[in-house]
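Take a look at the structure below.
The values are calculated or read from the model by the stated rules, or taken from the named source; none is laboratory data. Because the structure is a prediction, the values reported are computed rather than measured. For neighbour counting, all protein chains shown are included, and Cβ atoms are generated from backbone atoms with ideal geometry for every residue, glycine included.
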Amino acid sequence: MLDLTGKNALVTGIANNRSIAWGIAQQLHKAGANIGISYLPDERGKMENKVAELVKPLNPSLFVPCNVQSDEQIKEMFEEVASKWGKLDILIHCLAFANKEDLTGGFSNTSRAGFNQALEISTYSLTQLSGAAKPLMTEGGSIVTLTYLGGVRAIPNYNVMGVAKAGLEMSVRYLAAELGEQNIRVNGISAGPIRTLASSAVGGILDMIHHVEKIAPLRRTVTQLEVGNAAAFLCSDLASGITGQILYVDAGYEIMGM
Ligand code: NAD
Ligand code: 0WE
């Protein structure tokens, strides 16, 4: 049985009730995990209030700000994990960002600053968070990140995010190779398109979803809770032999060629 009781799980990337990270946090909680939440702070504390209200039903024992562009905030987040929990078992990396201008038009127009920012936030952050989590995962652990097919195939307008996801998927393999010695598993979930805050800001996302509904073997898209179930599996002892993998949770879309 899928059982995460006694496990401490830190979930990044919840912005609202449509976030994939919210689907994951709910399923980890349902499986019995002790939940910690990080949110992206803003000046007015709007995000803090919104996320705090949303996650109340999960009784999080940790609720911390973390902008992955700040070494200081990352350090403080893991200091809080160390002092409140002592050990960490599960880390969910569920965040990405690129400039909106870089997610449309020609990829060759990508600016140096836009490229660096997208890869800093969306790619490097997994390595950085994993490095900080490593000393706290004293009884082994599971790290799960979220990726997209646009990191493997050229998908119109995904552009610099595709390069970021390619780097993210390779980071999964290098991290898995290193951390396996400590019984820390590192895997990615490649989710099909889902309407979230990030994806809704992208022009044509509805057309892409309708395309998937026509082509995917299951003739539909996936939900945040289905992605959450896959994440709970990867974090559980049921997946004790799985590391360095990318698991497609996409209603089968990835296998299709025509
Ligand atoms: P979302 O907007 O709900 O989540 C993105 C999160 O990234 C937000 O919570 C935001 O606060 C966070 N974030 C952005 N910049 C940050 C920073 N500097 N520091 C810390 N956090 C930061 O959208 P989502 O679709 O749930 O995205 C979550 C993950 O799922 C992303 O990695 C995305 O690439 C991936 N994904 C999404 C889809 C999709 O179709 N929605 C498909 C496959 C993979
Ligand atoms: O990874 C993602 C979302 C990534 C994303 C989206 C935004 C929009 C708003 C990163 N940064 C931003 N920055 C913003 O300002 N997905 C997999 C969803 C997604 O995004 C696309 C897609 C799909 C699917 C962009 C272009 C084409 C398809």
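A compact table of results
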read-out	value
Residue match in the stretch 191-199 (condition: within 16 Å of ligand 2 (Cβ to nearest atom), closer than 30 Å to residue 140 by Cα and small (Gly, Ala, Ser))	yes
Hits in the stretch 89-98 - residues which are within 19 Å of residue 25 (Cβ to Cβ) and surrounded by 23 or more Cβ atoms within 10 Å (Cβ to Cβ)	89, 90, 91, 92, 93, 94, 95
Any pair with Cβ under 9 angstrom, 6 or more apart, that starts in the stretch 179-202 at a residue that is over 23 Å from residue 51 (Cα atoms) and outside any helix (DSSP H, G or I) and ends at one that is more than 16 Å from ligand 2 (Cβ to nearest atom) and of a type in the set (D, E, K, R)	183/139; 184/134; 184/178; 186/173; 186/178
Inter-residue pairs, beta-carbon under 6 Å, first more than 13 Å from ligand 1 (Cβ to nearest atom) and in the stretch 94-122, second small (Gly, Ala, Ser), 6+ apart	102/114
Residue within the stretch 144-163 that is over 30 Å from residue 207 (Cα atoms) and either away from ligand 2 (no atom under 16 Å from the Cβ) or not in a helix (DSSP H, G or I) (or both) present	no
Subset tally (residues that are more than 16 Å from ligand 2 (Cβ to nearest atom), under 17 Å from residue 174 (Cα atoms) and polar (S, T, N, Q)) for the stretch 125-141	3
Test set (1) in contact (Cβ under 8 Å) with a residue 24 or more places away in the chain; (2) in a loop (DSSP other than H, G, I, E, B); (3) more than 17 Å from the chain's Cα centre (by Cα); (4) more than 16 Å from ligand 2 (Cβ to nearest atom) - residue 50 fails condition number	(2)
Selected residue (only one of 75, 84, 100 is within 26 Å of residue 236 (Cβ to Cβ) and basic (Lys, Arg))	84
Boolean, residue 160 is of a type outside the set (S, T, N, Q), within 28 Å of residue 30 (Cα to Cα) and surrounded by 21 or more Cβ atoms within 10 Å (Cβ to Cβ)	no
The one condition in (1) more than 23 Å from residue 185 (Cβ to Cβ); (2) within 16 Å of ligand 2 (Cβ to nearest atom); (3) not basic (Lys, Arg) that residue 94 fails to fulfil	(1)
Checklist (1) out of contact with any Lys or Arg (no Cβ under 6 Å at 6 or more places or on another chain); (2) farther than 30 Å from residue 253 by Cα applied to residue 89, failing item	(1)
Single unsatisfied condition, residue 105 versus (1) at pLDDT 95 or above; (2) more than 19 Å from the chain's Cα centre (by Cα)	(1)
Cross-chain or 6+ apart pairs with Cβ under 9 Å, the stretch 27-39 first and within 20 Å of residue 69 (Cα to Cα), then in a loop (DSSP other than H, G, I, E, B) and among the β-branched types (Val, Ile, Thr)	37/12; 37/14; 38/12; 38/14; 39/12; 39/14
Residue that is farthest from residue 89 (Cα to Cα) [pool: residues in the stretch 29-62 that are more than 9 Å from ligand 1 (Cβ to nearest atom) and surrounded by 24 or more Cβ atoms within 10 Å (Cβ to Cβ)]	37
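Results for (1) hydrophobic (A, V, I, L, M, F, W, C); (2) part of a loop (DSSP other than H, G, I, E, B); (3) under 16 Å from the mean Cα position of the chain (by Cα); (4) surrounded by fewer than 17 Cβ atoms within 10 Å (Cβ to Cβ), shown as yes or no for each residue.
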| site | (1), (2), (3), (4) |
| --- | --- |
| 4 | yes, yes, no, no |
| 10 | yes, no, yes, no |
| 64 | yes, no, no, no |
| 75 | no, no, no, yes |
| 83 | no, no, no, yes |
| 87 | no, yes, no, yes |
